[in-house]
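These notes are about the structure you will find just below.
The values are calculated or read from the model by the stated rules, or taken from the named source; none is laboratory data. Quantities reported herein were computed from a predicted structural model and do not represent experimental measurements. Glycine also receives a Cβ, built like all others from the backbone with ideal geometry; neighbour counts cover every protein chain displayed.
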Amino acid sequence: MRFDIILHSLGYLLRAAAVTVALSLAGIALGFVIGALVCAARRSGDRFLRRLGGFYVSFFRGVPLLVQLLFIYYFLAEYGLDVPAVVAAIGGLGLASGAYQAEILRGALNATPAGQAEAATALGFAPFDIWRRILLPQALRIAAPPLINEFILLLKASSLVSVVGIAELTRVSMNIASMTYRPFEAYLAGGMIYLAINLCLAAFGAFAERRLAAGGST
Amino acid sequence: MSFAVLLHYLPSLIAGFGVTVLCWSAGSILGLAIGFAVALLNRLPAPPLRWLLRAYVEILRGTPFLVQLFLLYAGGPYIGLRLSATAAGILGLGLYSSAYFAEIFRAGFAAVPQGQIEAAMSVGMTPGDILWRVTLPIALASTVPAIVNMLVILSKETVVLSIITVPELMYQMQTMAAETFTAFDAIFAMAIFYWLLVEAVSRVGRRLEIKLTAFMAREASA
Amino acid sequence: MSEAMIEIKRVSKSFGALQVLREVDLSVARSEVVCLIGPSGSGKSTLLRCVNFLEAYDSGEIRIEGRLIGYRDEPGGRRPMPARDLREMRREIGMVFQHFNLWPHMTALGNVAEPLKRVRGLPASEADERALAMLKRVGLADKAAAYPGKLSGGQQQRVAIARALAMQPRLMLFDEPTSALDPELVGEVLEVMRDLAAEGMTMLIVTHEMGFAAHVADRIAFIDSGRIVEQGPPKKVFHESAEPRVRQFLQTYHDRNSF
Ligand SMILES: Nc1ncnc2c1ncn2[C@@H]1O[C@H](COP(=O)(O)OP(=O)(O)OP(=O)(O)O)[C@@H](O)[C@H]1O
Ligand SMILES: [Mg+2]
């Protein structure tokens, strides 16, 4: 093992890790917006919207992410749209994550006991206030841990955007591997950085869960 | 894309799908076996061993599958592990999924009510009989939904193997696309194909799940 | 040899810093029915579970037909009993749990036959035959093929009793066998237990069914904070006790159950 190779390229790797984190953050944020919309569609009174939401979730959870990413990439190429690869990558991650986040949000809303909304109605709350004061705070509390978990999954999945040539952590590990002819060290280093980030996220998730649970009991 | 072109590539696409199914099934079986062994070893009262198993699971769950594949396929030869792309793909899929399966089995064991084990102890059953006749069946039944879900996830992960040149469906499709300049059509077809495949697998999985766990259904009839 | 089936002497037990049993003395003679009553958390379950060593007691001794359970006295002091010997003793002690603890992946018949096959080593056909006879005895022959999830609580508990009885135990332990049941299902389980008592089975029963205890028990033992504070015939404990804790417990019980 040649640790000097890892040390030499550490700066390079860490910058790439920052790109990975930034991509994932953008992807999860876009996914949240899409997820909230899809979730709203699936809960709406309109049958067509419900169907559409269901179709979205089924499609984007059914098609492998790699296929989705290449699809977007080729789609843009086919129609001559000049969109930077980074934007396409974030779009791909966001579209896919949106399907998963929609399900997380839907599950959280369903987990909030119907009796609480009824109690609020009985007390004369307006529907909007019930949403704002009763349902949403609880749903977000329930959704927070799975959303953090979704972020970890997305961070790992973002390694796939390396195939469209974005210089994120996996791509940079590949470059180092081919430049130094030491793929074992290069990928080990890349993998350990992913692991470190994810362990931090998991610890944060556990912390947040405890805080939220404590808040729930008061 | 013309019909003639598709017909010309059909054999290689079918072969590719065969490799996909092979990698998926072999990888899953390997993952299930290792995962089960990890969960079982985890029950031994040996803290250092548990530590090691914990690290194994955390490392595999904390790193991207693609990086694991590169490490195995490209990095392997540097530590004396020379594998064909397909073998590396299967082994990679097996190791990767074993961590998730280990967690599934661990949760399954934890979900067995202590009272049902105590009932077995109170009639004087041996630890071996208790494990095989009581703990395992109950634990496994409760893991069926999670296992089905994981198998569906793995069926999608097989496309990642194309990146290390495993000649599975995605790889064959991209080869065809490159040779015939039909990248967009090809990837569109792939998306539809996998969508239908995953839907079908999920549906079969749910059926199986209902069948295997029928006895667990609550709701007393009286 | 003493006549006692169960002999509990100066048994103490702690969970960490919490002492749950304090020098408990209690004995149950052959064919005797003893009901153990007392407030929640007083140590009833713990004491019962010590009798078949599902819970290890810290000091004192528990003898089943004269034989010490769980430990072996050796020159250097007391050591845990070999697991095989413990299993051998447990076969002779039937136990019925509050939450039935039937095995959900086996039918009613399977639940009763399983220990006969695995522990008694009976051939499958014989085990099934005896299991069916036991189910008939608790009035559930027609439910032999049903899985526990499809049975009512009362039916599940009767299967659990059949499972314990099929082993032909020398004595039976019951830990609140009717507490998890809907009120209308309590009767069917108590009836089975009443029959058992009439047949001369030795029974140690933790229960909150005071009516049942008054009619079926030969003796009532009242436990509070890990101590047996009163014991005697039902009439004496229920109506003549001078012990304030017993009177208060019974008062609370009556207040809750009268309307
Ligand atoms: N495994 C355990 N670990 C720690 N504490 C325990 C354990 N089991 C019981 N205890 C404690 O020991 C005390 C006695 O418990 P036990 O279950 O024997 O009471 P009980 O008389 O059966 O009560 P109940 O009527 O509620 O069933 C309680 O304070 C309980 O919290
Ligand atoms: Mg109790």
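Scanning for something surrounded by 17 or more Cβ atoms within 10 Å (Cβ to Cβ) and over 12 Å from C:G38 (Cα atoms), does segment C:224-236 turn up at least one residue?
yes
Can you name every residue in segment B:75-107 that is touching a residue at least 60 places away in the same chain (Cβ under 8 Å) and either in a loop (DSSP other than H, G, I, E, B) or closer than 29 Å to C:A160 by Cβ (or both)?
B:F105, B:R106
So in segment B:52-73, with the set limited to residues that are farther than 24 Å from B:I147 by Cα and free of Cβ contacts under 8 Å to residues at least 40 places away in the same chain, which one is surrounded by the most Cβ atoms within 10 Å (Cβ to Cβ)?
Among those residues, the one meeting the criterion is B:L71.
Hey, which of the helices (runs of 4 or more DSSP H) in segment C:38-131, taking only ones fully inside, have at least 2 residues that are closer than 30 Å to B:S142 by Cα and among the aliphatic types (A, V, I, L, M)?
Numbers: elements: C:44-51, C:83-90, C:108-118.
Qualifying helices (runs of 4 or more DSSP H): C:108-118.
Using the structure shown, decide if C:N111 is within 16 Å of ligand 2 (Cβ to nearest atom) and either crowded, with 22+ Cβ neighbours inside 10 Å or farther than 26 Å from C:K236 by Cα (or both).
No: the conditions fail for C:N111.
Is it fair to say C:L135 is within 30 Å of C:I64 (Cα to Cα), aliphatic (A, V, I, L, M) and out of contact with any Phe, Trp or Tyr (no Cβ under 7 Å at 6 or more places or on another chain)?
Taking the combined requirement at face value, the residue satisfies it.
Failed condition for C:N101, given (1) within 22 Å of C:R194 (Cα to Cα); (2) away from ligand 2 (no atom under 16 Å from the Cβ), with all others met?
(2)
Only one of these is surrounded by 22 or more Cβ atoms within 10 Å (Cβ to Cβ) and either of a type outside the set (F, W, Y) or part of a loop (DSSP other than H, G, I, E, B) (or both): C:A162, C:A180. Name it.
From the options C:A162, C:A180, the qualifying one is C:A162.
Given the criterion over 30 Å from A:A186 (Cβ atoms) and either of a type outside the set (G, A, S) or surrounded by 16 or more Cβ atoms within 10 Å (Cβ to Cβ) (or both), identify the matching residue among B:L83, B:L49, B:L22.
Among B:L83, B:L49, B:L22, only B:L49 is over 30 Å from A:A186 (Cβ atoms) and either of a type outside the set (G, A, S) or surrounded by 16 or more Cβ atoms within 10 Å (Cβ to Cβ) (or both).
Quick one: in segment C:51-78, which of the residues that are within 14 Å of another protein chain (Cβ to nearest Cβ) and more than 10 Å from ligand 1 (Cβ to nearest atom) is surrounded by the most Cβ atoms within 10 Å (Cβ to Cβ)? If you could, list the steps in order and put the result at the bottom.
Taking segment C:51-78 as the starting set, the residues that turn out to be within 14 Å of another protein chain (Cβ to nearest Cβ) are C:51-56, C:64, C:69-70.
Still in the list and also more than 10 Å from ligand 1 (Cβ to nearest atom): C:51-54, C:56, C:64, C:69-70.
Working: C:V51: 23, C:N52: 26, C:F53: 21, C:L54: 20, C:A56: 11, C:I64: 21, C:I69: 20, C:G70: 20.
Among those residues, the one meeting the criterion is C:N52.
Only one of these conditions is not met by C:R130: (1) charged (D, E, K, R); (2) more than 22 Å from C:L196 (Cα to Cα); (3) modelled with pLDDT of 95 or more. Which number is it?
Here C:R130 meets the rest and fails (2).
For (1) outside any loop (DSSP other than H, G, I, E, B); (2) loosely packed, with under 14 Cβ neighbours inside 10 Å; (3) not β-branched (V, I, T), each residue gets a yes or a no:
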site	(1), (2), (3)
A:I90	yes, no, no
A:L93	yes, no, yes
A:E103	yes, no, yes
A:G107	yes, no, yes
A:I130	yes, no, no
A:L147	yes, no, yes
A:S159	yes, no, yes
A:I166	no, no, no
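Taking C:R87 and the conditions (1) more than 13 Å from ligand 1 (Cβ to nearest atom); (2) more than 16 Å from the chain's Cα centre (by Cα); (3) more than 14 Å from chain B (Cβ to nearest Cβ), which numbered condition does it fall short on, given that it satisfies the others?
(3)
Return only the number of the condition from (1) within 16 Å of the chain's Cα centre (by Cα); (2) surrounded by fewer than 20 Cβ atoms within 10 Å (Cβ to Cβ) that A:R43 does not satisfy.
(1)
Residues of segment A:89-126 being of a type in the set (A, V, I, L, M, F, W, C), modelled with pLDDT of 90 or more and farther than 19 Å from A:I148 by Cβ, which ones?
A:A89, A:I90, A:L95
Quick check: anything in segment A:7-24 part of a loop (DSSP other than H, G, I, E, B), surrounded by 14 or more Cβ atoms within 10 Å (Cβ to Cβ) and hydroxyl-bearing (S, T, Y)?
Scanning segment A:7-24 turns up at least one residue that is part of a loop (DSSP other than H, G, I, E, B), surrounded by 14 or more Cβ atoms within 10 Å (Cβ to Cβ) and hydroxyl-bearing (S, T, Y).
Scan segment C:107-139 for residues that are within 28 Å of C:R84 (Cβ to Cβ), in contact with a helix residue (DSSP H, G or I) (Cβ under 6 Å, 6 or more places away or on another chain) and within 12 Å of chain B (Cβ to nearest Cβ) and jot them down.
If the condition is that a residue be within 28 Å of C:R84 (Cβ to Cβ), in contact with a helix residue (DSSP H, G or I) (Cβ under 6 Å, 6 or more places away or on another chain) and within 12 Å of chain B (Cβ to nearest Cβ), then C:N111, C:V112, C:A113, C:L116, C:K117, C:R118 are the ones that fit.
List every residue pair whose Cβ atoms sit under 6 Å apart, with the two residues 6 or more apart in sequence or on different chains, where the first one lies in segment C:223-234 and is away from chain B (no Cβ under 14 Å) and of a type in the set (D, E) and the second, anywhere, is assigned to a loop (DSSP other than H, G, I, E, B) and more than 9 Å from ligand 1 (Cβ to nearest atom).
C:E230/C:S241; C:E230/C:E243
Looking at (1) modelled with pLDDT under 85; (2) within 14 Å of chain B (Cβ to nearest Cβ), find the lone condition where A:R133 falls short.
(2)
Applying the selection to segment C:90-102, what residues are facing another protein chain (nearest Cβ under 8 Å) and surrounded by fewer than 22 Cβ atoms within 10 Å (Cβ to Cβ)?
C:R91, C:H99
Could you identify the single residue in B:E168, B:E179 that is surrounded by 22 or more Cβ atoms within 10 Å (Cβ to Cβ), within 26 Å of A:L70 (Cα to Cα) and modelled with pLDDT under 95?
B:E168
I'm checking my understanding of the structure. Among residues of segment C:169-185 that are more than 16 Å from ligand 1 (Cβ to nearest atom) and farther than 11 Å from C:M95 by Cβ, which one is farthest from the other protein chains (Cβ to nearest Cβ)?
Only one residue tops the list, namely C:P183.
Being free of Cβ contacts under 8 Å to residues at least 40 places away in the same chain and closer than 26 Å to B:L161 by Cα narrows it down to one of A:I28, A:I72, so name that one.
Values: A:I28 fails: free of Cβ contacts under 8 Å to residues at least 40 places away in the same chain.
None of the others qualify; the one that does is A:I72.
Test each condition in (1) surrounded by fewer than 21 Cβ atoms within 10 Å (Cβ to Cβ); (2) within 14 Å of ligand 1 (Cβ to nearest atom) for C:D195 and report the one that comes out false.
(2)
C:T207: under 25 Å from C:G110 (Cα atoms), within 16 Å of ligand 1 (Cβ to nearest atom) and away from chain B (no Cβ under 14 Å), yes or no?
Judged against the criteria, C:T207 is not a match.
Hey, could you check segment C:14-50 for residues that are within 11 Å of ligand 2 (Cβ to nearest atom) and free of Cβ contacts under 8 Å to residues at least 24 places away in the same chain and say which is surrounded by the most Cβ atoms within 10 Å (Cβ to Cβ)?
That would be C:G41.
Select from segment B:97-128 the residues that are more than 7 Å from every other protein chain (Cβ to nearest Cβ) and charged (D, E, K, R) and write down the one among them that is farthest from the chain's Cα centre (by Cα).
Among those residues, the one meeting the criterion is B:R106.
Considering each residue of segment A:19-40, count those that are more than 16 Å from the chain's Cα centre (by Cα) and modelled with pLDDT of 95 or more, and give that number. If you could, list the steps in order and put the result at the bottom.
Pass one, segment A:19-40, residues more than 16 Å from the chain's Cα centre (by Cα): A:40.
Checking which are modelled with pLDDT of 95 or more leaves us with none.
Qualifying residue count for the region: 0.
Please verify whether segment B:164-172 includes one or more residues that are outside any loop (DSSP other than H, G, I, E, B), touching a Phe, Trp or Tyr at 6+ places or on another chain (Cβ under 7 Å) and more than 14 Å from chain C (Cβ to nearest Cβ).
Among the residues of segment B:164-172, at least one is outside any loop (DSSP other than H, G, I, E, B), touching a Phe, Trp or Tyr at 6+ places or on another chain (Cβ under 7 Å) and more than 14 Å from chain C (Cβ to nearest Cβ), which makes the answer yes.
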